[in-house]
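Structure first, then comments.
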Amino acid sequence: MNKQQFLIDAGLEVRTLEFWIEQQWLVPDETASEISFSDTDVARAHLIRDLKGDFGVNDEGIDVILHLVDQLHGLRRAFEQLHKDMASPQR
Amino acid sequence: MRNPYEVLGVAPTASAADIQKAYRKLAKKLHPDLNPGDKAAEDKFKEVAAANDLLSDAEKRKRFDAGEIDADGAERPQHRYYRDFATADAGHPYADSSGYADYMDQDDAFAELLRRSEQARANRRGRDLHYALAIDFAESIAGASKRLTLPDGGTLDVTIPPGLVDGQIIRLRGKGMPGSGKGGPGDALIEVEVRPDPRFTREGDDITLELPISLSEAVLGGKVRVPTPTGAVTMTVPKGSNTGTTMRLRGKGAPRVGGGQGDELVKLKVVLPKGPDPELEAFVSNWDRKAFDPREDGAS
């Protein structure tokens, strides 16, 4: 989706989005001429909003949490792959 | 929905601060994105969030306490959680394998499986990086090689193409942030500022220059040296040249798109010697001043 649609879906203002991208909390796809966002980016923006707004986490805390959450998902993905491979061991 | 006070575990007399505190405590524990493996967390979190939405709004809370609305009016709009994508979508740029990188380095079947799962991650191109660079006017016409020092101490060699215009962006493929998997790195985008040269003005492919000449060069003609962005050249000023006379130096301008080269336009400007010059005054007094009236065509 384009930037405008993303701002609506994620409920963000342009300046907030720019700051988040600068912090690399969000990494939109800039391969094409126009910046584009995925559903994953929208969901991640909601998480950041919840952390900052509802939970009172500051910017440093966001960095730490996102890093840990991303590692957790990395582990879960590896775990899932292992699970699949063990269920059907043919390669 | 259950009674929102029970959901949050607060008394009906609780203050707004108590409600926020109770909500934060529960939400931090129950947020689905902080519990990616707990399917029940989402329902519990929704209930807590809805209770908070109701009780943290003083107006809604008052109406609920008065029995005007029930707890079901406070359903949150649905949105999908990050956890729904983060594990399943292998192609997003946030994927991070550092939590098990040490296991991958081992030399056994388990490590092999982990490495294969790592490779399964989709390939995403790295981000583009943006830089700024200032060059001289002459370099913008003739082209140049510049070395850009990056904030991290690294350097980037930039080839300035001949004829570059102010504000033009040069793209260096593959010099941006590294990508993941086979995605390849992003590009470096360099915005080039051309420092103005007081002598030259660029108009499209042509360059304009104002060249001062002496009275005798104007009257008698002669050879003069003319600066161009690529070095000085000799030009012949014809006899009887005047202020405003424009001479064209072919091919001394900026390169044209599609081949060829613009011209340098040299505007002559007759300049008298500085200060009083008795010899010149005596000479001009003897000159027939009636012979020429520059204002006879009504210019004044």
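Values quoted throughout were computed directly from the atomic coordinates according to the rules given, and no laboratory measurement underlies them. Being a predicted model, the structure only gives us computed values, none of them experimental. A quick note on method: Cβ atoms are made from the backbone with ideal geometry, for glycine too, and the neighbour counts reach across all protein chains shown.
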inquiry  = Within 10 Å, at most 11 other Cβ atoms, and a DSSP state outside H, G, I, E, B define an exposed site. Report the longest part of chain B free of exposed trypsin sites (Lys or Arg not before Pro).
reply    = B:3-172
ask   = Gain in length, residue B:205 to residue B:156, computed as 0.36 nm per residue apart minus the alpha-carbon separation, to one decimal in nm?
value = 14.8 nm
query = Helix-derived [θ] at 222 nm for chain A: sum -39500 (n - 2.57) over DSSP H runs of at least 4, divide by residue count, nearest 500?
reply = -20500 deg cm²/dmol
request  = Once every Cα of region B:95-209 carries one equal point scatterer and solvent is ignored, give the base-10 log of I(q)/I(0) from the Debye formula at q = 0.10, 0.14, 0.17 Å⁻¹, two decimals.
outcome  = -0.49, -0.70, -0.86
task = Could you list, in their original order, any pairs among A:52/B:46; A:3/B:21; B:21/B:60; A:3/A:52 whose Cα atoms are separated by more than 24 Å?
result = A:3/B:21
request  = Would you please calculate the Kirkwood hydrodynamic radius of region B:4-84 over all C-alpha pairs and express it in Å, rounded to one decimal?
outcome  = 13.1
remark   = Percent relative contact order for chain B, counting Cα pairs under 8 Å at least six residues apart, stands at 11
remark   = Quick calc, region A:3-87, dipole around Cα centre from Cβ unit charges on Lys, Arg (+) and Asp, Glu (-), nearest 20 debye, gives 260
inquiry  = From the mean inverse distance of alpha carbon pairs (Kirkwood) and the Cα radius of gyration, derive Rg over Rh for the protein assembly as shown.
reply    = 1.28
note = In whole Hz, the Karplus estimates of ³J(HN,Hα) for region B:100-107 (6.51, -1.76, 1.60; θ = phi - 60°; x where Gly or Pro) are 9, 4, 5, 5, 5, 6, 5, 10
note = The alpha-carbon center of region B:237-274 and that of region B:137-166 are separated, in whole Å, by 28
query = Among the DSSP beta bridges whose two residues both lie in region B:200-275, what percent are antiparallel, rounded to the nearest 5?
reply = 65
ask   = What are the radius of gyration and Dmax of region B:160-300, computed over its Cα atoms and given in Å?
value = 24.0, 88
request  = Loop sites only, by DSSP: take the GluC sites (Glu not before Pro) in chain B that have at most 15 other C-beta atoms within 10 Å and name the longest stretch containing none of them.
outcome  = B:76-295
message = Looking at region A:3-87, I'd like the Rg to Rh ratio, where Rg is from alpha-carbon atoms and Rh is Kirkwood's inverse mean 1/r.
response = 1.05
key: Cα convex hull of chain B - mean projected area over all directions, nm²   = 35.1
remark   = Of all DSSP beta bridges with both partners in the protein assembly as shown, the antiparallel percent, nearest 5, is 65
